[in-house]
């Protein structure tokens with residue numbers, strides 16, 4: 001699979017179309033939160049209806065992704081562990097869910113809604129789009145085909161040894177910024 005841009009291996013438009021297709025399949029096109037709206041939330045001045053209260057940021061990426069880059073104050077529950085961790089999420093707050101590109105977080109939103117969480121939002125484009133369009137100082141990474149473990153890949157990237165074969169759970173760091 002070739003890389004068409006920094007971040008994921010699909011073009012921005014292909015990625016957004018894929019997420020919107022999932023939204024239609026799940027019957028939930030009303031939970032989308034733009035990166036600009038996320039910036040307002042992070043700055044504490046959201047104008048979006050219902051977002052004036054303190055939303056909970058939920059990161060559903062893998063452990064290594066969370067360690068690499070995250071939003072301040074986010075709680076971390078990987079999507080694979082979300083079903084047995086629902087009791088750790090307050091049901092009286094708006095939950096803004098994010099992942100790398102918005103697909104895993106959309107599935108998490110659906111799972112939350114199926115379990116009685118009424119106020120959920122999905123960050124459109126995930127932390128990848130946020131880093132590219134709003135906050136370019138945030139580290140970025142790619143999710144592509146390959147076999148090397150993420151820890152190995154991140155160490156190689158830190159040394160400037162980016163390789164052509166990529167790990168499906170991330171590598172090819174585009175920006176190296178200390179957290």
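The values are calculated or read from the model by the stated rules, or taken from the named source; none is laboratory data. Everything numeric in this text was worked out from a predicted model, so none of it was measured. Using ideal geometry, Cβ is built from the backbone for each residue, glycine included, and neighbour counts are taken over all protein chains shown.
Condition check ((1) at pLDDT 95 or above; (2) in contact with a helix residue (DSSP H, G or I) (Cβ under 9 Å, 6 or more places away or on another chain); (3) under 18 Å from residue 56 (Cα atoms)) across all residues:
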{"residue": "77", "(1), (2), (3)": "yes, yes, yes"}
{"residue": "86", "(1), (2), (3)": "yes, yes, yes"}
{"residue": "102", "(1), (2), (3)": "no, yes, yes"}
{"residue": "124", "(1), (2), (3)": "no, yes, yes"}
{"residue": "129", "(1), (2), (3)": "no, yes, no"}
{"residue": "140", "(1), (2), (3)": "no, yes, no"}
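Residue-by-condition table, conditions (1) buried (at least 22 other Cβ atoms within 10 Å of the Cβ); (2) at pLDDT 95 or above; (3) in contact with a helix residue (DSSP H, G or I) (Cβ under 8 Å, 6 or more places away or on another chain):
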{"site": "97", "(1), (2), (3)": "yes, yes, yes"}
{"site": "110", "(1), (2), (3)": "no, no, yes"}
{"site": "156", "(1), (2), (3)": "no, no, no"}
{"site": "177", "(1), (2), (3)": "no, no, no"}
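Conditions first: (1) at pLDDT below 90; (2) crowded, with 23+ Cβ neighbours inside 10 Å; (3) not in a loop (DSSP other than H, G, I, E, B). Residue 151 passes all but one, so which condition is the exception?
Exception for residue 151: condition (2).
Looking only at residues in region 67-97 that are part of a helix (DSSP H, G or I) and touching a residue at least 24 places away in the same chain (Cβ under 8 Å), which one is nearest to residue 55 (Cα to Cα)?
Result: 86.
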